[in-house]
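Okay, so here's the structure we're looking at.
The values are calculated or read from the model by the stated rules, or taken from the named source; none is laboratory data. Treat the numbers as computed from the prediction; the structure is a model and nothing was measured. Quick reminder, even Gly has a Cβ in these numbers, built from the backbone with ideal geometry, and neighbours come from all protein chains shown. Protein only, heavy atoms only, side chains kept; ligands, DNA and RNA dropped before computing areas. Shrake-Rupley method; radii C 1.70, N 1.55, O 1.52, S 1.80 Å.
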Amino acid sequence: MEKQEGRDAAAVRLDDPWYDALASGWGELDGTGAPTPVVPDPRANRENAGPGAADIYLEVQRSAAFQEVRSRYRRFVGPAVLAFLVWYLAYVVAATAAPGLMARPVAGAVNVAMVAGLGQFLTTFLLTWAYARHARLRRDRAALDLRWTVYDQTRAQETARGTER
């Protein structure tokens, strides 16, 4: 792109495919030296539209069922992450602080470090399995019920808007 000089320099715009017309007015000039006019918010035109999807999601988020799903998630994930981090850090600290212990042979050429390293992989797979099982048994049904609640509410809202028009 060539550098533009003179009076028409402000009128030249880069062809930017990511330029968003709704973001205009943020310090840009319209070619005359004046800032561009602010584009009105399209959401401001909705008068008497009733509760929006955001209101429905906030209502569901405040519900006891949602809070129960979140607490079940936290009760599993918090201790699981803490236990795994302690196990991982113990492995790293032992590898650096106690090389003699980690080099101790267990069976043939296999030493404590190799067994602990394979234990890290095994622990990862077991934790993944436990998380999937916990989600399937303790949270998935409640989360699906919440999803249907949101779907029903948004569907009813769309139907109400369709009859108003």
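A compact table of results
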{"read-out": "Selection within the stretch 150-163 - open to solvent by 60 Å² or more (accessible area, probe 1.4 Å) and either of a type in the set (Phe, Trp, Tyr) or within 22 Å of residue 72 (Cβ to Cβ) (or both)", "value": "151"}
{"read-out": "Residue within the stretch 76-87 that is more than 30 Å from residue 142 (Cα to Cα) and in a helix (DSSP H, G or I) present", "value": "yes"}
{"read-out": "Long-range neighbours under 6 Å by Cβ, at least six apart or interchain, first residue modelled with pLDDT under 95 within the stretch 127-146, second outside any helix (DSSP H, G or I) and exposed (fewer than 12 other Cβ atoms within 10 Å of the Cβ)", "value": "none"}
{"read-out": "Members of the stretch 123-149 found to be surrounded by fewer than 11 Cβ atoms within 10 Å (Cβ to Cβ) and among the hydroxyl-bearing types (Ser, Thr, Tyr), listed by number", "value": "128"}
{"read-out": "Of the criteria (1) in contact (Cβ under 8 Å) with a residue 12 or more places away in the chain; (2) of a type in the set (Ser, Thr, Tyr); (3) open to solvent by 80 Å² or more (accessible area, probe 1.4 Å), which one residue 63 fails", "value": "(3)"}
{"read-out": "Criterion violated by residue 112 - all others in (1) open to solvent by 60 Å² or more (accessible area, probe 1.4 Å); (2) in contact with a helix residue (DSSP H, G or I) (Cβ under 7 Å, 6 or more places away or on another chain); (3) of a type in the set (A, V, I, L, M, F, W, C) satisfied", "value": "(1)"}
{"read-out": "Residue 82 out of contact with any Ser or Thr (no Cβ under 9 Å at 6 or more places or on another chain), modelled with pLDDT under 95 and surrounded by 10 or more Cβ atoms within 10 Å (Cβ to Cβ)", "value": "no"}
{"read-out": "Subset tally (residues that are within 20 Å of residue 134 (Cα to Cα) and small (Gly, Ala, Ser)) for the stretch 76-99", "value": "3"}
{"read-out": "Condition met for residue 70 (in contact (Cβ under 8 Å) with a residue 12 or more places away in the chain, basic (Lys, Arg) and either open to solvent by less than 50 Å² (accessible area, probe 1.4 Å) or part of a helix (DSSP H, G or I) (or both))", "value": "no"}
